[in-house]
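*Asks:* Have a look at this one.
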Amino acid sequence: MSKAARERSARERLAAERKRQAAREKQRRLLAIVLGSVVVVAVIVVATVLIIDQKNKNGRAEVHQGALAPVSRQADGSILMAQSGVSKPELEIFEDFQCPICKQFEAATGKTVQQLAQQGKVKVVYRPFHLFGQQKDPVRINSLRSAEAALCVPAGQWVSYHDALFKFQPPEGEKGFSPDDLVKWGKDVGVTDPNFEKCVRDEQKKSTVDAMTKYALQDRGVQGTPSVFLNGKQLDQTQFMNPAGLRAAIDAAAAASK
């Protein structure tokens with residue numbers, strides 16, 4: 001090979017190597033851009049989640065939207081939701097506002113319960129109580145304070161307050177349901193009773209909560225929440241955690257009573 005040919009070959013190899021280096025550098029820059037973008041997106045997602053979580057913790061309770069059957073408070077503290085004259089089938093819901101599965105039940109089937117009551121197909125009795133009395137704080141006190149506060153709320157705002165308690169339910173083991181928040185959420189949903197705040201802060205409904213808890217645990221044999229009874233017979237989770245299953249059970253109970 002002539003000297004000129006060798007020089008030309010060397011120049012070509014050098015050019016090829018520079019081209020390969022340029023390609024590798026371009027890939028590195030693209031990879032850096034992609035990784036940077038992923039990091040930025042991850043930061044934005046985390047920040048958004050934290051903002052939403054903080055908003056939920058310190059947020060505003062909302063007034064319930066949608067038609068409801070008339071709501072009234074019974075002498076024992078339970079809440080009755082039914083159209084006039086509807087006495088059967090009767091659906092009883094035993095719940096604790098600190099109970100995570102109760103929150104899941106409310107999210108899955110709560111609207112169905114309200115719709116069926118509004119349509120005159122069922123009489124609903126909500127029986128919140130203090131299930132976690134033997135647990136350590138903050139689970140115990142969260143359960144107690146929320147049940148007491150719910151009893152301080154007039155029947156007209158009870159459904160909205162009920163919604164708020166599950167919306168802002170603290171994770172098990174974390175502090176929550178502070179008196180300040182419990183008072184604020186009541187005012188958010190329209191409670192104007194001048195005694196409401198004192199009722200919450202002074203735990204004026206503790207004796208009623210104790211009585212409702214005794215009724216649930218001792219008189220009715222409730223062992224966990226949510227516990228749902230239809231005409232006195234306890235339903236299993238496959239029925240009451242499923243809107244279609246609950247409708248079917250209520251329709252069957254109505255047909256059987258005719």
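The values are calculated or read from the model by the stated rules, or taken from the named source; none is laboratory data. In this text the structure is predicted, and so the values were computed from the model without any measurement. All Cβ positions, even for glycine, are placed from backbone atoms using ideal geometry, and neighbour counts span all protein chains on display. Only protein heavy atoms, including side chains, enter the accessible area calculation; ligands, DNA and RNA are left aside. Shrake-Rupley method; radii C 1.70, N 1.55, O 1.52, S 1.80 Å.
*Asks:* Would you tally the residues in segment 114-149 being part of a helix (DSSP H, G or I), touching a strand residue (DSSP E or B) at 6+ places or on another chain (Cβ under 6 Å) and under 19 Å from residue 253 (Cβ atoms)?
*Replies:* Of the residues in segment 114-149, 1 are part of a helix (DSSP H, G or I), touching a strand residue (DSSP E or B) at 6+ places or on another chain (Cβ under 6 Å) and under 19 Å from residue 253 (Cβ atoms).
*Asks:* Further, regarding this structure: Being under 17 Å from residue 130 (Cα atoms) and in a loop (DSSP other than H, G, I, E, B) is the filter; apply it to segment 150-171 and report the residue that is nearest to the chain's Cα centre (by Cα).
*Replies:* By that ranking, first place goes to 169.
*Asks:* Further question: From the residues in segment 176-208 that are over 24 Å from the mean Cα position of the chain (by Cα) and among the β-branched types (Val, Ile, Thr), which one is least open to solvent (accessible area, probe 1.4 Å)?
*Replies:* 208
*Asks:* Considering only segment 59-104, how many residues are farther than 24 Å from residue 211 by Cα and either assigned to a strand (DSSP E or B) or touching a residue at least 60 places away in the same chain (Cβ under 8 Å) (or both)?
*Replies:* Residues in segment 59-104 being farther than 24 Å from residue 211 by Cα and either assigned to a strand (DSSP E or B) or touching a residue at least 60 places away in the same chain (Cβ under 8 Å) (or both): 10 in total.
*Asks:* Looking for whichever is under 20 Å from residue 144 (Cβ atoms) and surrounded by fewer than 17 Cβ atoms within 10 Å (Cβ to Cβ) here; the options are 211, 252. Which one fits?
*Replies:* 211
*Asks:* Test residue 222 against the criterion of being under 22 Å from residue 63 (Cβ atoms) and at pLDDT 95 or above, and give yes or no.
*Replies:* Judged against the criteria, residue 222 is not a match.
*Asks:* Here is a follow-up. Residues of segment 226-246 being part of a helix (DSSP H, G or I) and buried (at least 18 other Cβ atoms within 10 Å of the Cβ), which ones?
*Replies:* Correct list: 239, 240, 246.
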